[in-house]
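The block underneath contains the structure these notes are about, expressed in structure tokens.
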Amino acid sequence: MPELFGIGLEVYIILLVLGTPMFFFWRWLFKHIKPGSKRLLLTCFATIIGSPIIYLLFIAAFIFCSEYYPNRDFDKKQWLADSTRRYEYSKDIISSKMLIGKTQQQVKQILGDSGNKDSEVTWYYELGYRPQITGIDPDYLEIDFKYGRATEIVQHFK
């Protein structure tokens, strides 16, 4: 797509589409001002300033809605039942430090063994795919062990 001042042509088209009804809205809003150059100038200025602001608000809302996901308190039943939505519980697991100091056997009792790719010192649990604009790999929870006890829990985003 061609660019003008480093901005894609589609952005200017979107701003034009947004600006057209905004122009008429501002013109209606400023109807109490006598017709003439002052009203036209004020209407054009409000449209030129308001259109990019509305555009940015739409983009921000889109990003927020597409990347939002709930953070739930850890629920063992749900964790074991739906491995594709484990990302919803990972924040609680990390912030509560519920696994810190637990043995490998205790961690297996809490998180299960399904999907765990384990070694002696580091275990990985797949968390599923977080809602996001980009990314094709699942997130995973990394649990590091020292002397047979969990010492660090980290979530890796792809």
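Read the figures in this text as sums done on the coordinates, not as results from a lab. All values derive from a computational prediction rather than experimental measurement. Glycine gets a Cβ as well: all are built from the backbone with ideal geometry, and neighbour counts include every protein chain shown.
Given the -39500 (n - 2.57) contribution per DSSP H run of 4+ residues, what per-residue ellipticity at 222 nm results for the chain, rounded to the nearest 500 deg cm²/dmol? Mean residue ellipticity, 222 nm, calculated: -16000 deg cm²/dmol. Each Cα pair under 8 Å and six or more residues apart adds its sequence gap; the mean of these over the residue count of the chain is a relative contact order of 17 percent. If you count Lys pairs in the chain whose Cα atoms are under 24 Å apart, skipping same-chain pairs closer than 8 places in sequence, the total is 25. For Cα extents along the principal axes in Å, the candidate list reads [x] 81, 35, 25; [y] 97, 63, 38; [z] 53, 33, 24; the entry that matches the value derived from this model is [x]. A simple packing score, the average count of other Cβ atoms within 10 Å per residue, orders the peptides 55-65, 7-17 as 7-17, 55-65, with the highest score first. Of the residues Leu57, Leu40, Leu80, the one whose Cα sits farthest towards the positive end of the charge dipole of the chain is Leu40 (charges of +1 on Lys and Arg Cβ, -1 on Asp and Glu Cβ, taken about the Cα centre). For the options Glu88, Glu120, Glu142, a Gaussian network treatment of the chain with springs between C-alpha atoms closer than 10 Å singles out Glu120 as fluctuating the most. Contact order, relative form, for the stretch 3-67: 37 percent (alpha carbon pairs under 8 Å, 6 or more residues apart, mean separation divided by residue count).
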